[in-house]
1. Could you please find all residues in segment 149-184 being surrounded by 16 or more Cβ atoms within 10 Å (Cβ to Cβ) and over 13 Å from residue 125 (Cα atoms)?
2. So which residues in segment 149-193 are in contact (Cβ under 8 Å) with a residue 24 or more places away in the chain, assigned to a loop (DSSP other than H, G, I, E, B) and closer than 17 Å to residue 135 by Cα, if there are any at all?
3. Can you tell which of 86, 105 is in a helix (DSSP H, G or I) and either touching a helix residue (DSSP H, G or I) at 6+ places or on another chain (Cβ under 9 Å) or at pLDDT 75 or above (or both)?
4. Given (1) under 30 Å from residue 130 (Cα atoms); (2) loosely packed, with under 10 Cβ neighbours inside 10 Å; (3) at pLDDT 75 or above, identify the lone condition not met by residue 80.
């Protein structure tokens, strides 16, 4: 085997191995996101159960107070009992409000991602220094995906770069789907300097 063919084979083999390793790493990240998503959903369900229990306890306490108010002439009921029940209601109201707040925060922070909508776009550079898949969502702006690239290839952040896919210039502030970028598409980085 000639030396130039050997170098070409060795370089492509390294790129191929790098891509396999990157793919395995990305699959592992997806599995971690799935587990995290499942844990958050379980926590939300538990908060809903706790909220229902507290609501039922509040309902029972209100029923008791209503019954007491209807029997004001009953000598067995004193002001101390009514005050204790009112305090109990206040505490339960506070717990319910805290749980509702936690549920809202979980709903906001737990924006579930359909893992079937995760895309991988493949960046390549003309000088062959970049040959890298980046995961994203079709709703991400291209600028967000570009930032992920610069986190891996910091030296390109300081250069004037344009990107082309399918013969068209990619618009940075449009979403991936608006740029008509699909899963597996190659995006070429063109350095203008």
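The values are calculated or read from the model by the stated rules, or taken from the named source; none is laboratory data. Bear in mind that the values here come from a model prediction, so they are computed numbers and not experimental data. Note: ideal-geometry Cβ built from the backbone for every residue, glycine included; neighbour counts use all protein chains shown.
1. Of everything in segment 149-184, those that are surrounded by 16 or more Cβ atoms within 10 Å (Cβ to Cβ) and over 13 Å from residue 125 (Cα atoms) turn out to be 170, 175, 176, 179, 181.
2. 153, 170, 172, 174, 176, 177, 179, 181, 182, 183, 184, 185
3. 86
4. (1)
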